[in-house]
Amino acid sequence: MPGALVIGSAVVALLTTTPSSHIATPPYFLDAPTDRMVIEVVTVNGSGCPAGTAAVAVSEDNTAFTVTYSEYLAQVGIGAGPTDFRKNCQLNLAIRVPQGFTYAVASVDYRGYAYLEEGASATQRAQYYFQGSPETDQFTHTFAGAYDDNWATNDVTDIEALVWAPCGELRNFNINTELRVGAGTSNPEETTSFIAMDSTDGDVNTTYQLAWKECPEVPEG
């Protein structure tokens with residue numbers, strides 16, 4: 001596992017290669033610094049990201065980073081345990097950026113696959129915030145059965161509402177995600193419904209698009 005970082009009993013791969021080519025420029029991407037940003041995974045917790053099943057990669061041009069999961073799946077019905085209807089993952093990231101710059105998460109693209117019986121439903125939820133900051137971004141998307149296909153969602157923050165990392169301070173960035181499935185009117189004793197946000201084929205990941213701006217100069221004296 002290249003550049004693996006051991007955190008307690010959890011192992012998270014820190015990849016140095018460019019994420020998959022589908023990454024696009026954020027809608028309000030202006031001036032990304034040329035010096036590299038560095039992301040350190042401080043903690044990773046949750047039933048949706050057991051040890052060794054989540055990886056973080058930074059794009060070479062500093063416009064985005066990705067999180068890739070390999071066992072993030074919620075399900076109800078045949079073969080599902082009593083707590084499998086809800087899976088979650090909490091990532092705490094220390095993001096070090098070039099001096100004189102600050103960043104905000106402008107948009108996030110999630111992808112996965114879902115199979116929902118008629119009458120079943122699923123929810124994908126995400127929350128983002130900086131350590132110690134009362135400002136948060138929270139988004140929720142729902143899916144209704146019958147559904148048998150890939151899914152994709154996009155969380156976009158208006159430029160006026162962007163939450164910027166404090167200039168000159170290292171505030172860890174927290175990402176809390178959740179997948180949930182409800183049987184609804186379907187029969188869980190005879191069927192199985194699930195929603196997954198995983199990447200067993202190496203091609204499904206979550207892309208966090210970044211916006212950048214220069215920090216104001218601090219007057220001397």
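Pairs only if they're at least six apart or on different chains, beta carbon under 7 angstrom, first in segment 167-182 and among the aromatic types (Phe, Trp, Tyr), second open to solvent by less than 30 Å² (accessible area, probe 1.4 Å); list them, first residue then second.
Listed pairs, sorted by first residue: PHE173/LEU93; PHE173/ILE95; PHE173/PHE130.
Do you know which residues across segment 155-202 are modelled with pLDDT under 90, polar (S, T, N, Q) and open to solvent by 50 Å² or more (accessible area, probe 1.4 Å)?
THR200
Name the single residue, out of those in segment 133-145 being open to solvent by 70 Å² or more (accessible area, probe 1.4 Å) and assigned to a loop (DSSP other than H, G, I, E, B), that is modelled with the highest pLDDT.
PRO134
Restricting attention to segment 174-184, does a residue exist that is of a type in the set (Lys, Arg) and outside any loop (DSSP other than H, G, I, E, B)?
yes
Run PRO98 past the list (1) within 20 Å of the chain's Cα centre (by Cα); (2) farther than 12 Å from GLU178 by Cα and report the number of the one that doesn't hold.
(1)
If you take the residues of segment 102-132 that are out of contact with any strand residue (DSSP E or B) (no Cβ under 7 Å at 6 or more places or on another chain) and open to solvent by 30 Å² or more (accessible area, probe 1.4 Å), which of them is modelled with the lowest pLDDT?
Taking the candidates together, the pick is GLY132.
Where in segment 28-128 are there strands (runs of 3 or more DSSP E), lying wholly inside it, with at least 2 residues that are over 30 Å from GLU189 (Cα atoms)?
Ranges flagged: 38-45, 54-58, 64-69, 86-96, 101-116.
The values are calculated or read from the model by the stated rules, or taken from the named source; none is laboratory data. Being a predicted model, the structure only gives us computed values, none of them experimental. Glycine gets a Cβ as well: all are built from the backbone with ideal geometry, and neighbour counts include every protein chain shown. Heads up: the accessible areas ignore ligands, DNA and RNA and are worked out on the full protein's heavy atoms, side chains in. Shrake-Rupley method; radii C 1.70, N 1.55, O 1.52, S 1.80 Å.
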